[in-house]
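For reference, the structure is listed below as structure tokens.
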Amino acid sequence: MISVPRRQTLALGASAVIAGLIGGRIPVRAATPGTLTIAFNVTLPSFDPTTGTSAVNPTIQAIYRSVFDQFVGQKGDLSFEPGLLTAWGWNADRTKVTMDVRRNVVWHDGSPLSPEDVVWSLTRAADPKSGNPIQFIWSKIGNYKIEDHRITADVVSFDPTLFKWMAFLTGYVLPKAYYQKVGADGFEKKPIGTGPFMVDAYEGNAYLRLVANPHYWGGKPAFETVVFKFVTDATSRVAEIESGSSDVTLEIPYEEYDRLKHKPGLSGIATPVSDIGMIFISNTSPAMLDPNVRLAAIHAIDKAAIVHRLLRGYGVPLATLEAPEYEAYDPAITVSYDPAKAVALLKASGYSPAHPVSFTLQTTRGFKPKDYEMIQAIVGMWRRVGIHADIEVYEIAKHYELRAAHKLAPMAFYNWGNAIGDPTTSTGFAMFGPSPHSAWKSADLDAKIGPLWGEHDEAKRIAGWKAVDRVIAEQGLVIPLLQYVQPVLFKTSVAVAPNVSGALQPTLVTKTQA
Amino acid sequence: MAAAALNRAAMMAVTLLGVAVFVFVLLRVAPGDPVAMMIGPGASPQDIAALRTRYGLDGSIMLQFGLWLRAILGGELGTSISFHRPVASLIGERLPATLELALSALCLALLLGAMLAVVGTLSRRGGEAAVDGVSGLLLAVPDFVWSLALVLLLGVALPVLPLSGRIDPSLGTDFRTPFYLGESLVTGHWRAARDVGAHLLMPATALALPLAAIIARVLKGALQEAMVQDYVLVARVKGMSELRLVTREAMRNAIGPTLALTGVQFTFLLGGTVIVERIFSYPGLGNMAIEAVINRDLPLIQGLVLVFGLLFILTNLLIDTVIAGLNPKLRHG
């Protein structure tokens, strides 16, 4: 019998571990063929895409759209396409809507999709008790009737954006029979949809594994398996892609994106997305009631310099709350960087660099790329013309609370998304007084915006919003800064199609020959 | 004895009640309204009120606290706003992950700390200075910086360890219990055990390094003190080697104060899991706590703080018991 002394055994064990580490014997799994691994920047707390905080998180829609289908589909350029509805529209006087439900669609459990599923999903979404945060849209129609695969409904209150919302937040079709059978808890444990991927395994805060839906009506997806790793720390996401542990990642610092995008084996795209940086102006502050102060603040900001120097060119300076991809974008509306004009405006109100107007400017720090640094730069630009701003850093949760209570500081930095590209969701909700999200609440502006909510003529409606944007720019009622650019980094073995909505859907990723 | 146990239990209950009151009031007065974070762009005041009612945030603080306390006494911790699931079951799923991480870190810290202490005790002046330098470095660098350094070294530059998660997604989660490491070791699923262990190694090391330095310093001091005691001198005269003197004779007397300190430091280590779990996307209580705070998921935050409080109390109780067991003076009163 061979006897091995204890000390020698311990030494051998330690050597084996070290050798295993150095030799890579403890496996670090790179992406396996047929599997797409995404180092994702947010976690998925709930599978119900219609309630709670995750329902209104635009980024999470990438996951929801993988498992579920929306009533209406949306392309990467924000234009709309058939989803589970193949046709939709209003009647001439906008009192009824019709929706044609796609045929030959099956749920992940093999049962067929029916128009009843669509009606149930819409009815549930409109029910205030469901906790759907977009209930205000879904409640605009009711009294559904089904005839074969066509659904008709009465318009309770005309909203021109109804069908656009069907491609965005909470606009998902859920399985009526299955949900009623398993209940909310059962659905969380084993969700099913009609989407391109089926839920295979889920570990909260760690990963979600999806497998391709072989019966998907849109064709079988390019990848058999998709793994969303929930890597919320940006540095860790960089490590994930740099080490080869993930195939794709997004929302990494621009410096890292520039460093890695040309590295052998990696590639990247940087797409302007439907998310803009802006500064709310609150008319609860006496200083903000002075149009000279507001306009001076706007003209003193060199947005191009901010984009160029702070964001390494990854941003699009804006003059209104409409990004170029939005329907009411009007390139004719411009706001010049003109510090001399800012000085003159302030002088007219009795202010100068020696006697500046003072107020508080709230901002997040680290919530968006270079948010605090941008605000610091802006405060520096203002100081030169005669504006003294005290920076107050707050958490995003506090911003929401203050904004809902109309208690924001005179100026407050925020980012505003609008993935349906409609002006109601950008200028509308940000500037209309009754909206819980607006900071500038005035009867004059509300009188201009009010009629546009129910405007039947689409061309007239969009022209109306452009006119409102012009008034806002001329009066300086908000400070639009820039459109964010989303960096997506990926292995050269895959290709990623840009998506202006910012949702990194696995269906936008394809295999390459590299 | 029974009176002492009852007294201890009463103190625990009072402490937990204090924690509950403190966290509940703090969350209500701190900025950040969960309903404000989820209201849609066109929500009317009625819509907002309906959401507030749905999540039980429409009553007074006293009423909300009373309802919460009643639920706790009934064994419930409420329903998470963001996860839409009972807080108790969420915590039940994640707590084992954090416990496995914290205990692994503790074992690593004890091992490394003890090794450093023994080497420092046995070394001459130069060697001892080197050990002091190493432990000083380990202590000076916080756990989250160690995390990033380990990520860069063992995850990117020398990619030998997985960077995120608790297990490789391709291995699945066919575990009967949420104790992945423990279960896979007990059931002999070595592939799973190796994978879970590999996922644990970096975060556990990051947590362990600062604690190892503290253990090394305290233990080395205690060992050096013990090494000049009479019983050690007698053993030395009898011809016992220096290594055996340190590990057999001196260690017995030196380990007591080190264990007491380790127990206290373990509670800090548990707190450290929050940021380390975040960096490594490790699905434990800490990672969930950050998500809960970001989403202002009040029931979940309350439940997590309560559980962390309970863990701290139980850890201290365990350490007191162990020390009393080791020290007859304390045991007998």
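Taken together, the values in this text are just the output of simple stated rules run on the coordinates, not laboratory data. From a predicted model like this one, the values you see are computed outputs, not experimental measurements. Note: ideal-geometry Cβ built from the backbone for every residue, glycine included; neighbour counts use all protein chains shown.
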Looking at the square roots a ≥ b ≥ c of the eigenvalues of the Cα gyration tensor of the range A:157-265, which shape do they give, rounded for a/c under 1.5, prolate if a/b is larger than b/c, or oblate?
prolate
Can you grab the distance from the C-alpha centre of the range B:1-76 to the C-alpha centre of the range B:95-172, Å, no decimals?
37
Taking Cα pairs closer than 8 Å and at least 6 residues apart, the relative contact order of chain B in percent is 26
Coordinate range along principal axes, alpha carbons of the protein assembly as shown, Å, largest first:
105, 73, 64
Using 32 Å as the Cα-Cα cut-off, could you pick out the over-long pairs in A:LYS347/A:LYS398; A:LYS303/A:LYS511; A:LYS190/A:LYS220?
A:LYS347/A:LYS398; A:LYS303/A:LYS511
Could you sort the peptides A:432-443, B:207-218 by per-residue average Cβ neighbour count (10 Å cutoff), highest mean leading?
B:207-218, A:432-443
Ranked by Cβ crowding within 10 angstrom, fewest neighbours first, how are B:TRP190, A:TRP382 ordered?
B:TRP190, A:TRP382
Inter-part distance where the range B:219-254 and the range A:113-175 are each reduced to a Cα centre, Å:
79
Apply the Karplus curve 6.51 cos²θ - 1.76 cosθ + 1.60, θ = phi - 60°, to the phi angles in the range B:69-74 and return the couplings in whole Hz, x for Gly and Pro.
4, 5, 5, 4, 5, x
Within the under-11-Å Cβ sphere about A:PHE432, not counting A:PHE432, Lys/Arg +1 and Asp/Glu -1 give a net charge of +1
Expressed as a whole percent, how much of the Cα-Cα distance distribution for the range A:243-308 exceeds 18 Å?
60
Limiting things to C-alpha atoms, what are the Rg and the maximum Cα-Cα separation (Dmax) for chain B, in angstroms?
23.9, 87
Distance between the range A:286-353 and the range A:412-467 - C-alpha centres, whole angstrom:
20
Among A:LEU321, A:PRO253, A:ALA300, which residue has its Cα positioned farthest towards the positive end of the charge dipole of the range A:241-377, with +1 placed on the Cβ of Lys and Arg, -1 on the Cβ of Asp and Glu, and the dipole taken about the Cα centre?
A:ALA300
Straight distance only, please: which aspartates and glutamates reach the Cα of A:LYS75 with their own Cα at less than 20 Å, same-chain residues fewer than 8 apart left out?
A:ASP100, A:ASP275, A:GLU322, A:GLU325, A:GLU327, A:ASP422
Give me Rg over Rh for the range A:260-375, both radii from the alpha carbons and Rh done the Kirkwood way, two decimal places.
1.04
The protein assembly as shown: antiparallel bridges as % of DSSP beta bridges, rounded to 5, reads 80
Need one number: nm distance between label points at A:THR98 and A:VAL471, each 7 Å from Cα along Cα→Cβ, rounded to one decimal.
3.7
For A:VAL509, A:VAL173, A:VAL155, which order do you get if you count the other beta carbons within 10 Å of each Cβ and list the fewest first?
A:VAL155, A:VAL509, A:VAL173
I want the local charge near B:ARG125. Using Cβ-Cβ distances under 14 Å, sum +1 for each Lys or Arg and -1 for each Asp or Glu among the other residues.
0
Expressed as a rounded percentage, what relative contact order does the range B:250-300 have, with Cα pairs under 8 Å and six or more residues apart?
21
Holding the Cα-Cα limit at 32 Å, pick out from A:LYS176/A:LYS229; A:LYS129/A:LYS164; A:LYS261/A:LYS341 the pairs that are longer than that.
A:LYS261/A:LYS341
5 angstrom amide H check on A:LEU266, placed H, neighbours 5+ away:
A:THR492
Built amide H within the under 5 Å cut-off of A:THR360, gap 5+
A:ASP390, A:MET411
Could you give the radius of gyration (one decimal) and Dmax (whole number) of the Cα atoms in the range B:187-229, in Å?
16.9, 49
Among rounded, prolate and oblate, which fits the range A:170-214 when a ≥ b ≥ c are the square roots of the eigenvalues of its C-alpha gyration tensor, a/c under 1.5 means rounded, and a/b larger than b/c means prolate?
oblate
For n ≥ 4 DSSP H runs only, could you compute -39500 (n - 2.57) per run for chain B, divide by its residues and tell me the 222 nm figure to the nearest 500?
-24000 deg cm²/dmol
Distance in nm between A:LYS145 and B:ASN7 label points, each 7 Å along Cα→Cβ, equals 8.1
Farthest towards the positive end of the dipole of chain A, among A:LEU122, A:THR235, A:ILE146 and with Cβ unit charges of +1 on Lys and Arg and -1 on Asp and Glu, lies the Cα of A:THR235
Would you calculate the convex hull of the Cα atoms in the range A:363-409 and tell me its volume per residue in Å³?
67
Relative counts (whole %) of C-alpha pair distances in the range B:90-189, using bins that are 5 Å wide
2, 10, 13, 17, 17, 15, 11, 7, 4, 2, 0
Amide H contacts under 5 Å for A:LYS441, restricted to residues at least 5 apart in sequence or on another chain and with H modeled in the peptide plane, are A:ASN283
Quick one: 3J(HN,Hα) in Hz for the range A:236-252, Karplus 6.51/-1.76/1.60 with θ = phi - 60°, rounded, Gly and Pro as x.
5, 5, 4, 4, 4, 7, 5, 7, x, 6, 10, 8, 9, 8, 8, 6, 10
Restricting to bridges with both residues inside the range A:273-431, how much of the DSSP beta-bridge set is antiparallel, in percent to the nearest 5?
45
Karplus-derived 3J(HN,Hα), 6.51/-1.76/1.60, for each residue of the range A:462-470, Hz, glycine and proline x
5, 4, x, 5, 4, 5, 4, 4, 5
Per-peptide average of other Cβ atoms within 10 Å, ordering A:393-399, B:78-84 highest first:
B:78-84, A:393-399
Dipole of the protein assembly as shown, positive end: most advanced residue of B:GLY256, A:HIS399, A:VAL199 [Cβ charges, Cα centre]
B:GLY256
Kirkwood-based Rg to Rh ratio, the range A:22-162, C-alpha trace:
1.08
If contacts are Cα pairs under 8 angstrom and at least 6 residues apart, what is the relative contact order of chain A in percent?
20
Distance cut-off 25 Å, percentage of C-alpha pairs in the range B:191-333 lying past it
48
Please report the Cα spread of the range A:419-498 along all three principal axes, rounded to whole Å, starting with the longest.
55, 28, 24
What is the order of A:MET99, B:MET251, fewest Cβ neighbours within 10 Å to most?
B:MET251, A:MET99
Computed over the Cα atoms of the range A:325-455, what is the convex hull's projected area averaged over all directions, in nm²?
9.6
Nothing charged except the Cβ atoms of Lys and Arg (+1) and of Asp and Glu (-1): what's the magnitude of the dipole of chain A about its Cα centre? Round to the nearest 20 debye.
1140
